[in-house]
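Here's the structure we're looking at; comments come further down.
The values are calculated or read from the model by the stated rules, or taken from the named source; none is laboratory data. Because the structure is predicted, anything quoted here is derived from the model rather than measured. Quick reminder, even Gly has a Cβ in these numbers, built from the backbone with ideal geometry, and neighbours come from all protein chains shown.
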């Protein structure tokens, strides 16, 4: 697999999430970024992680960051993202489709912000070869 479908996948997922009102009506609003968030982002926010590819499968981590006493916000945002992308088919380039499946979510305390939570939503994308 060339990197072109992976780059197109990132653009397609970020564009889709920014346009999905079930995601943007959560506490995250429209703060959904590519692989780099601003130096001083407004919390909560979502950042696209670094993908891993093997054959026609791409594992996409989407990182959710929230500051709250409890995990309610980070879990709500993660669930909205997972539901938004599960069983979705996105166009990554002309004639190339990605078939998405929500694989799961892991929530943990954020390593850099003591009062923050970090969730990783894992999406698997299948991008058939030769498409």
*Check whether at least one residue in the range 77-98 is over 29 Å from residue 129 (Cα atoms), in contact with a strand residue (DSSP E or B) (Cβ under 7 Å, 6 or more places away or on another chain) and surrounded by 13 or more Cβ atoms within 10 Å (Cβ to Cβ), and report yes or no.*
yes
*Give the number of residues within the range 108-122 that are in a strand (DSSP E or B) and either out of contact with any helix residue (DSSP H, G or I) (no Cβ under 6 Å at 6 or more places or on another chain) or over 14 Å from residue 72 (Cβ atoms) (or both).*
7
*Residue list for the range 38-69, filter: free of Cβ contacts under 8 Å to residues at least 24 places away in the same chain and under 13 Å from the mean Cα position of the chain (by Cα)*: 45, 47, 50
*Which of the residues spanning the range 35-52 are part of a loop (DSSP other than H, G, I, E, B) and loosely packed, with under 13 Cβ neighbours inside 10 Å?*
35, 36, 38, 39, 40, 42, 50
*Those residues of the range 1-15 which are modelled with pLDDT of 95 or more and buried (at least 18 other Cβ atoms within 10 Å of the Cβ), in sequence order*: 9, 10, 12, 13, 14
*Just give me the residues in the range 69-102 being in a strand (DSSP E or B) and over 17 Å from residue 6 (Cβ atoms), in sequence order.*
102
*Determine the pairs where a residue that is on the phi > 0 side of the Ramachandran plot and assigned to a loop (DSSP other than H, G, I, E, B), located within the range 13-29, has a partner that is crowded, with 17+ Cβ neighbours inside 10 Å and at pLDDT below 95 with Cβ atoms under 8 Å apart, the partner being 6 or more residues away or on another chain.*
none
*Test each condition in (1) surrounded by fewer than 19 Cβ atoms within 10 Å (Cβ to Cβ); (2) in contact with a strand residue (DSSP E or B) (Cβ under 8 Å, 6 or more places away or on another chain); (3) at pLDDT 95 or above for residue 60 and report the one that comes out false.*
(1)
*Filter the range 70-85 for residues that are in contact (Cβ under 8 Å) with a residue 12 or more places away in the chain and farther than 18 Å from residue 18 by Cβ and give the result.*
71, 73, 74, 75
_Selected residue (only one of 75, 83 is in contact with a helix residue (DSSP H, G or I) (Cβ under 9 Å, 6 or more places away or on another chain) and at pLDDT 95 or above)_ = 83
